[in-house]
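The values are calculated or read from the model by the stated rules, or taken from the named source; none is laboratory data. Everything numeric in this text was worked out from a predicted model, so none of it was measured. In this analysis, Cβ positions are derived from the backbone assuming ideal geometry, glycine residues included, and neighbour counts consider all displayed protein chains.
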């Protein structure tokens with residue numbers, strides 16, 4: 001299930017917060033299903049799209065880090081028996097900044113974050129592995145036609161990414 005908790009920066013008169021952020025519930029749900037299948041993750045995944053305030057609170061509460069972040073992954077406990085794979089939380093505000101920084105759309109950035117989070121739910125952890133998650137993310141990113149992923153960005157500077165995006169005609173987020 002995909003849920004939107006409109007970030008505080010959403011215009012107060014927005015009748016449709018999905019449209020205000022330029023994201024499609026149907027499009028993101030379809031992508032999440034394709035990515036989950038590609039990852040090989042079994043079970044339901046709930047995704048919360050929210051703002052920096054919510055992600056900061058969750059990051060502080062569950063990881064002891066008092067700062068906003070782009071994506072958090074919460075694997076389901078084993079007693080769920082495979083019915084529920086886990087939950088993801090994504091900050092639309094951070095995603096928007098990252099999309100602008102890397103020269104692609106908010107839609108693409110949210111998809112990059114979804115893929116990254118799904119890999120974590122599947123048991124990958126780039127902080128402790130020997131590059132397995134980075135390799136799998138790169139492979140799936142290409143298959144799903146996504147721009148450079150979170151792990152791959154560490155190797156490339158934002159200026160390089162913007163230049164590459166400009167040459168490909170990729171447009172940033174609408175204001």
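Side notes on the structure shown:
To keep it simple, each residue is scored yes or no on (1) over 13 Å from residue 21 (Cβ atoms); (2) modelled with pLDDT of 95 or more.
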{"residue": "84", "(1), (2)": "yes, no"}
{"residue": "87", "(1), (2)": "yes, yes"}
{"residue": "92", "(1), (2)": "no, yes"}
{"residue": "95", "(1), (2)": "no, yes"}
{"residue": "101", "(1), (2)": "yes, no"}
{"residue": "115", "(1), (2)": "yes, yes"}
{"residue": "118", "(1), (2)": "yes, yes"}
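- Residue match in the range 8-16 (condition: assigned to a helix (DSSP H, G or I) and free of Cβ contacts under 8 Å to residues at least 40 places away in the same chain): no
- Of 32, 20, 68, all but one fail to be in a helix (DSSP H, G or I), surrounded by 13 or more Cβ atoms within 10 Å (Cβ to Cβ) and touching a helix residue (DSSP H, G or I) at 6+ places or on another chain (Cβ under 8 Å); the exception is 32.
- Hits in the range 35-66 (condition: within 17 Å of the chain's Cα centre (by Cα) and in contact (Cβ under 8 Å) with a residue 60 or more places away in the chain): 35, 36, 38, 39, 41, 45, 47, 49
- Of all the listed residues (89, 85), the sole one being surrounded by 20 or more Cβ atoms within 10 Å (Cβ to Cβ) and under 10 Å from the mean Cα position of the chain (by Cα) is 89.
- Screening residue 73 against (1) more than 13 Å from the chain's Cα centre (by Cα); (2) closer than 24 Å to residue 139 by Cβ; (3) in contact (Cβ under 8 Å) with a residue 40 or more places away in the chain leaves a single unmet condition, (1).
- Among residues of the range 92-107 being without any contact (Cβ under 8 Å) to a residue 40 or more places away in the chain and surrounded by fewer than 24 Cβ atoms within 10 Å (Cβ to Cβ), the one that is farthest from residue 73 (Cα to Cα) is 97.
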